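Working notes, beginning with the structure itself.
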Amino acid sequence: MNRYLRSILVLLLLQGVAWLTYRHLLSAPITSLDDVAVLADAQRQGALFGEMWRHVGTYFSQPLLQLVFLLEYRLFGLDPAGYYAVNIVLHGLNAMLVYLLANMLFAGQRIALPAALLFLLGVGHYSKPLMTIAGTESLLLTLFYLVVLFGLIRDDLHHGGRLTSRWFALALAVYLLAGLTRPASLAILLCLVAYKLFFYHTRGRRAVWSANLWVLLLVGVGFSVAQQLWGYHEPLVRFRHPEGTVGVTLGSVKNIFRYLNLMVFPLQTSELLTASGRLVRWFYEARHVIRALVSLAIVSFSFFGFVFGNRPLRFFIAWTYLTVVPFAALSHPGDWLNIQYLYMAAVGLDVVIAVGTVGAVSLLARHPRKRWVPALAPLVLVAMSLSVHFRLHARNLRRAHQPHVREAVQLLQAAAPASLPGRRP
């Protein structure tokens, strides 16, 4: 009972911190054409709700995601505050799953709560998915992914990987109902394999390619084939390198480290950068040297973490790399990288930061004045992440007043039913 009570209190704490940190989003308007497109699509699907579910492709095109969007549209209509409130709740739930996962793997090591708070406060992903209606997709899919991983790992760690376990049933049900067929679904399988390898002895030397993993693989392949045949699909990889396969491979490897850099050093060419102060632009001018040092630090910590770290630390280091891989070959305008892809990857980074901080504080336990100095590093990362978040929010507010966005919102308002919540007369 104490364990369940503690989990409830942590959930309330995380939700409270989430609302205190991101409550300013509730007053934001519709800020982008992507959000207009999402609402327009919900408007079309809502009018044909019955027909939509009679089409076989719907069952292979993330049905739970569609249902949530349609439910939100029925409840909130064109009022963005409701969508942003759902985003905050989902983000708090994801942070809770980070806590549960870290608490399960780092038993008694006081890692879970610092890791969950770092993730909640945007370290590594800068809370970008929270700031748009379209961002609900990333938040919701990450919730599904984390539930599936938590259920499968708990089943394997505490129930011998039995197919009759309620945790395996939960993971499989979410995997089936959510129709997880996006590129990030590959990261689930890769992370599960990494867990089975790193915890091989803890698991009683059971086979890595166990029955539960084969079931998940078969379901995933079946869903992917069905989606390609009947459901909505898009190319998993869009090549932009004229050099062909070699260029794509080298560019993808480079992108992996660029994404890892972006989680620690969030500067890339954008209108946000050009509108920033002289100090920020100075850091950007020195980006090549800084990125080289950050890359060296990442590779060095990864190497020594693998060699000298414990099993959970190795797993979350692997998590950070594996969750970036599915997005490394996706094309973007110029050299721009999508921060939204870092949302799930930040889980691994934040756990690793928490491990390093707690370990350093423990090593300095005999030095009362110095022992809390290592905590400055995550505090600096939190301050930087929140600063980037508020800058992104200010940019979104400016975009909301651009003529083409205002015109699109007015057209959306005009086409909406008179009884729809949030519709202006």
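The values are calculated or read from the model by the stated rules, or taken from the named source; none is laboratory data. Since we're looking at a predicted model, the values are computed, not measured. Note: ideal-geometry Cβ built from the backbone for every residue, glycine included; neighbour counts use all protein chains shown.
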>> Considering only region 160-170, I want to know if a residue exists there that is outside any helix (DSSP H, G or I), over 30 Å from ASP79 (Cα atoms) and hydroxyl-bearing (Ser, Thr, Tyr).
In response: yes
> Which pairs have Cβ atoms under 8 Å, sit 6 or more apart or on different chains, and link a residue in region 192-221 that is touching a residue at least 24 places away in the same chain (Cβ under 8 Å) to one that is of a type in the set (A, V, I, L, M, F, W, C) and in a loop (DSSP other than H, G, I, E, B)?
Replying inline: LYS196/VAL208; ALA211/LEU163; ASN212/LEU163; VAL215/LEU163; GLY220/LEU180
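Among the candidates HIS404, HIS393, HIS389, single out the residue that is loosely packed, with under 13 Cβ neighbours inside 10 Å and in contact (Cβ under 8 Å) with a residue 60 or more places away in the chain.
Numbers: HIS393 fails: loosely packed, with under 13 Cβ neighbours inside 10 Å; HIS389 fails: loosely packed, with under 13 Cβ neighbours inside 10 Å.
Just a single option satisfies the conditions, and that option is HIS404.
Please return the ranges of helices (runs of 4 or more DSSP H) entirely within region 285-372 where 2 or more residues are surrounded by 19 or more Cβ atoms within 10 Å (Cβ to Cβ) and modelled with pLDDT under 80.
In region 285-372, no matching helices (runs of 4 or more DSSP H) lie anywhere.
Just one of LEU163, LEU180, LEU186, LEU217 is of a type in the set (A, V, I, L, M), modelled with pLDDT of 80 or more and under 23 Å from THR142 (Cα atoms); which is it? If you could, list the steps in order and put the result at the bottom.
Values: LEU163 fails: under 23 Å from THR142 (Cα atoms); LEU180 fails: modelled with pLDDT of 80 or more; LEU186 fails: modelled with pLDDT of 80 or more.
It is LEU217.
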> Given the residues ALA95, ALA81, ALA107, which is the only one that is of a type in the set (Gly, Ala, Ser), over 13 Å from GLY135 (Cβ atoms) and buried (at least 18 other Cβ atoms within 10 Å of the Cβ)?
Replying inline: ALA95
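Yes or no, residue by residue, for (1) β-branched (Val, Ile, Thr); (2) under 29 Å from VAL36 (Cα atoms):
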{"site": "ILE111", "(1), (2)": "yes, no"}
{"site": "GLU137", "(1), (2)": "no, yes"}
{"site": "VAL148", "(1), (2)": "yes, no"}
{"site": "ILE153", "(1), (2)": "yes, no"}
{"site": "HIS158", "(1), (2)": "no, no"}
> Is there a residue being out of contact with any His (no Cβ under 9 Å at 6 or more places or on another chain) and within 20 Å of LYS196 (Cβ to Cβ) anywhere in region 363-383?
Replying inline: no
> Which condition breaks for GLN410 when tested against (1) without any contact (Cβ under 8 Å) to a residue 60 or more places away in the chain; (2) in a helix (DSSP H, G or I); (3) over 18 Å from ALA28 (Cβ atoms)?
Replying inline: (3)
> How many residues are at pLDDT 95 or above and of a type outside the set (A, V, I, L, M) when one looks only at region 2-20?
Replying inline: 3
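So is VAL409 among the β-branched types (Val, Ile, Thr) and crowded, with 16+ Cβ neighbours inside 10 Å or not?
Answer is yes for this residue.
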> If ARG206 satisfies every condition in (1) within 22 Å of GLY222 (Cα to Cα); (2) not in a helix (DSSP H, G or I) but one, which is the exception?
Replying inline: (1)
